[in-house]
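Written out below as C-alpha cells is the structure these notes cover.
All of the numbers you see were taken from the coordinates with simple rules; none came from a lab. Not measured: the values here are computed from a predicted model. Reconstructed Cβ throughout: ideal geometry from the backbone, glycine too, with neighbour counts over all protein chains shown.
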Amino acid sequence: MFKSFWFWLLVLLIAIQAFSLDVKATLPIKEREALEAPKEVLSILKRSCYDCHSSQVKAPWYYNVAPVSWYTQLHVKNAREIVNFSKWNSYTKEKRLKIAQKIPKAIVIRMPLNSYLYAHEEAKLSKDEKKMIKKWARTLKEKLN
C-alpha cells in the first residue's frame, strides 16, 4: 500500500503539470515607462520588490513546477495588478499618487511578504531602507500633488 501511495502521488504530480496559470516571468518593457527613482531607492526596490512588482521577475526553478507555480504565478499576477514598476510612467497621475500613498504602510505591514522572504532573505528591508523608501514615497506624493 505504501508503495502504491507514492506511485499515485508521483502520477498526480506529473499530471498537474498540465495545468498552468501561464504568468510570464518576463514581459516586454518600454524603457520610457519604467520607474525613475534615486539610485539607492531603485536598488532597494529591485532587490526587494521587482520579483513580484515588475515585468522582469527572476523566476526560480519552481516558478514553472505545479503546485508551487500556481501560488507564485498567482502572486506575481496580483502584485503586477497592484503596481508594476516597469510600467510606472504609463500609469495616470492619479494612480501613481494612490500607489505612492500606500507604499509607506505596505512597507511597514506586509512587504516583502514573509513567504517570499523565506526563500529570499536578501530581500528583507532594514529599518534604514524602510525609512528611505518611506521618504521617497512622501517626496513622490508631494511631486504628484
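Annotations for the structure displayed:
- Gyration tensor verdict on the range 2-144 (Cα atoms; rounded if a/c is under 1.5, prolate if a/b is larger than b/c, oblate otherwise): prolate
- Label-zone membership for the range 54-90, site Val11, 7 angstrom Cα→C-beta point, backbone N under 15 Å: none
- Between Leu12, Leu125, Leu42, the Gaussian network model of the chain with springs among Cα atoms under 10 angstrom shows the greatest mean-square fluctuation at Leu12.
- For the range 2-144: relative contact order, % (alpha-carbon pairs under 8 angstrom, 6 or more apart): 28
- Taking Ser43, Ser54, Ser86 as the candidate residues, the one with maximal mean-square fluctuation in a Gaussian network model of the chain, Cα springs under 10 Å, is Ser43.
- Taken about its Cα centre, the range 41-145 carries a charge dipole of about 560 debye when Lys and Arg each add +1 at the Cβ and Asp and Glu each add -1 at the Cβ.
- A helix-only calculation puts the chain at -17500 deg cm²/dmol for mean residue ellipticity at 222 nm, using -39500 (n - 2.57) for each DSSP H run of at least four residues, averaged over all residues.
- Highest mobility in the GNM of the chain, judged by mean-square fluctuation with C-alpha springs under 10 Å and restricted to Gln56, Gln101, Gln73, is found for Gln101.
- Above 15 Å, the calculated P(r) of the range 53-135 contains 65 percent of its Cα-Cα pairs.
- For the pair Lys143 and Asn114 in one chain, pulling the backbone fully straight at 0.36 nm per residue adds 7.3 nm over the alpha carbon distance.
- Cross-link partners of Lys124 among aspartates and glutamates (Cα-Cα below 18 Å; sequence separation of 8 or more within a chain): Glu40, Asp51
- The modelled label-to-label distance for the pair Ser20/Ser90, using points 7 Å beyond Cα in the direction of Cβ, is 2.2 nm.
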